[in-house]
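Working notes, structure below.
The values are calculated or read from the model by the stated rules, or taken from the named source; none is laboratory data. Values in this document were obtained by computation on a predicted structure and should not be read as measured data. Quick reminder, even Gly has a Cβ in these numbers, built from the backbone with ideal geometry, and neighbours come from all protein chains shown. The area values use the complete protein model at the heavy-atom level, side chains included, leaving out ligands, DNA and RNA. Shrake-Rupley method; radii C 1.70, N 1.55, O 1.52, S 1.80 Å.
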Amino acid sequence: GSAAACQRVAEGLRALNLPGQILPGNHDEPAALLQTFAPGDPLSLARVLDLGAWQVIGLDSREPGAVSGHLCEAELSALDATLADAGDAWILLAFHHPPVSVNCAWLDAIGLNNGQALLDRLGANARVAGVISGHVHHAFETMYAGRRVLTAPGVSVQFLAGSNDFAIASGPPAFRWLDLCPDGTIQT
């Protein structure tokens, strides 16, 4: 979460020459993020990344002083307002902490502690096609209300899926690539 780490991430992402949305995680320092990813930057902390037929709505699930996540009332209200303004775009919700069990006891204990508040919005809005989060450092996928709920593997170490206790899996750093299709489907 340091300023130096943010700069390294920014350099690598800017080399891709693509727009992007930066979402804070539980280890990030808000001041370092704001200093590195300024408004107007193609890589920004903006709530919405507009991709034409799709909008990626980013949420801040950090809970100060905790490893687990929480979507405060202000974030949930901002989500509701953003969903109301999304028009006909397909929606991908993105944030750090997963809103569902990932079948890994120690990680489930530090996930999004009010995930149901987010999941309720999936069933209420047909344009929300999916959810992606990080935090668990391994790829996981399930369905909720007919929508894909995905996690991304870690760009550092991978955590062992299905473990009851903290465990690191063998394997290299990884990422999840998403193709957001015009018909509202998500390929990964």
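Karplus-based coupling profile of the stretch 38-49, in residue order and whole Hz: 7, x, x, 6, x, 10, 9, 8, 4, 5, 10, 9, with θ = phi - 60° in 6.51 cos²θ - 1.76 cosθ + 1.60 and x standing for Gly or Pro.
With equal scatterers on the alpha carbons only and no solvent term, can you work out the Debye log10 of I(q)/I(0) for the chain at 0.10, 0.12, 0.13 1/Å? Taken in order of the listed q values, log10 I(q)/I(0) reads -0.38, -0.57, -0.68. Close amide H contacts of Phe159 (hydrogens built in the peptide plane, cut-off under 5 Å, sequence separation of 5 or more or a different chain): His138, Gly154, Ala169.
Sorted on the mean count of surrounding Cβ atoms within 10 Å across their residues, most packed first, peptides 115-126, 63-74 read 115-126, 63-74.
Close amide H pairs (under 5 Å, H built 1.01 Å from N) link Trp90 with Trp54, Gln55, residues at least 5 positions away or on another chain. Across every pair of non-identical alpha carbons in the stretch 106-188, the mean reciprocal distance, once inverted, gives a Kirkwood radius of 14.0 Å. In the stretch 71-181, the portion of solvent-accessible area held by carbon and sulfur atoms comes to 58 percent [1.4 Å probe, whole percent, DNA, RNA and ligands not counted]. Backbone phi angles across the stretch 166-178, fed through the Karplus curve with coefficients 6.51, -1.76 and 1.60 (θ = phi - 60°), yield HN-Hα couplings of 3, 7, 9, 8, 6, x, x, x, 8, 8, 10, 9, 10 Hz in residue order; Gly and Pro are listed as x. FRET efficiency for the Arg14 to Gln187 pair, using the beta carbon distance and R₀ = 25 Å, is estimated at 0.50. Ranking Glu141, Glu75 from most to least accessible surface, computed with a 1.4 Å probe over the protein chains only, gives Glu141, Glu75. Residues whose amide H comes within less than 5 Å of that of Leu43, counting only those at least five positions distant or on another chain, are Gly20 (H built at 1.01 Å from N in the peptide plane).
Its DSSP H runs of at least 4 residues, each contributing -39,500 (n - 2.57), put the calculated 222 nm mean residue ellipticity of the chain at -7000 deg cm²/dmol, to the nearest 500. Quick check: Cα centre of the stretch 133-188 to Cα centre of the stretch 6-53, how many Å? Result: 20 Å between the Cα centres. Beta bridges assigned by DSSP with both partners in the chain are antiparallel in approximately 45 percent of cases. Over all orientations, the stretch 1-98 has a Cα convex hull whose mean projected area works out to 6.6 square nanometres.
Computed from phi, the 3J(HN,Hα) profile of the stretch 131-147 under the Karplus parametrisation 6.51, -1.76, 1.60 (θ = phi - 60°) reads 9, 10, 9, x, 6, 8, 6, 7, 6, 9, 8, 8, 10, 9, 6, x, 10 Hz, with x in place of Gly and Pro. Across the stretch 122-140, the residues whose backbone nitrogen lies under 19 Å from the label position 7 Å along the beta-carbon direction of Ala5 are 133-138.
Summing +1 for each Lys or Arg and -1 for each Asp or Glu among the other residues whose beta-carbon sits under 14 angstrom from that of Ala78 gives -3. Sorted on the mean count of surrounding Cβ atoms within 10 Å across their residues, most packed first, peptides 143-152, 15-24, 94-103 read 94-103, 143-152, 15-24.
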